[in-house]
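Student: Would you mind keeping the following structure in view while I ask a few things?
The values are calculated or read from the model by the stated rules, or taken from the named source; none is laboratory data. Keep in mind that this is a model prediction, so the values were computed, not measured. In case anyone asks, the SASA skips ligands and DNA or RNA and just uses the protein heavy atoms, side chains included. Shrake-Rupley method; radii C 1.70, N 1.55, O 1.52, S 1.80 Å.
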Amino acid sequence: MLSSLISRQLAAEPTYDRFAQLMDHWGYTWEAIEVPTADNYILTTFHITGKTGQVPTEPTDTKGSVLIQHGNLQDAASWLTAFGNNKPFHLQLVDEGYDIWLGNNRGTEYSQGHNTLTTDDPEFWNFDWTDMGEFDVPANILAIKEATKQEKIQYLSLIHISEPTRLRRIS
């Protein structure tokens with residue numbers, strides 16, 4: 001009952017407190033972008049827009065846009081916290097001049113939207129990794145390309161194939 005109430009609240013009133021606290025801690029500005037998928041899910045993707053106290057960087061003034069996607073049982077915020085007191089590589093890439101976008105898989109705290117379903121509907125949860133690859137990744141890439149007017153972006157994702165965990169890069 002409590003988890004159902006929490007799920008409804010998260011889906012009805014998106015808040016980004018955990019992510020905002022991390023960005024404040026490290027001194028970065030950001031925006032949340034809603035990304036619709038072809039199968040009616042609504043994802044939230046975080047765009048790191050620059051450093052606190054500085055003018056936001058235009059994507060055209062960077063070394064290129066990079067979509068970074070978390071792994072299983074994570075979201076963008078939890079992946080950033082996994083680095084402890086060390087600055088996450090995502091933010092180091094911002095420092096190096098890249099335009100960074102952090103995806104959130106469907107069903108995570110930040111991506112519980114849908115055009116016709118709620119998180120109380122069993123059908124909402126009827127998805128798997130194939131759906132994320134077929135719908136979520138292309139939707140995020142398209143949204144970033146449209147927002148930045150770039151023909152190509154870089155894609156980094158965390159994949160879990162037993163030990164060790166590896167990063168994968170697709171251009």
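Student: Roughly how many percent of the accessible protein surface of the stretch 17-116 is carbon and sulfur, given a 1.4 Å probe and a whole-percent answer?
Tutor: 47
Student: Output ³J(HN,Hα) for the stretch 98-112: one whole-Hz value per residue in order, computed from phi by the Karplus curve 6.51 cos²θ - 1.76 cosθ + 1.60 with θ = phi - 60°, and x for Gly and Pro.
Tutor: With coefficients 6.51, -1.76 and 1.60, one gets 9, 8, 9, 10, 10, x, 10, 4, 3, x, 6, 3, 8, 9, 10 Hz.
Student: What residues qualify as long-range amide H neighbours of His114, i.e. H under 5 Å apart, gap of 5 or more or another chain, H built at 1.01 Å from N?
Tutor: The answer is Ile42.
Student: Keeping every protein chain present and rolling a 1.4 Å probe, give me the accessible area per residue for the stretch 54-156 in Å².
Tutor: Per-residue accessible area for the stretch 54-156 comes out at 51 Å².
Student: Considering amide H positions built from the backbone, and no H for Pro or chain starts, which residues 5 or more places from Tyr28, or on another chain, come under 5 Å of its amide H?
Tutor: Correct list: Thr52.
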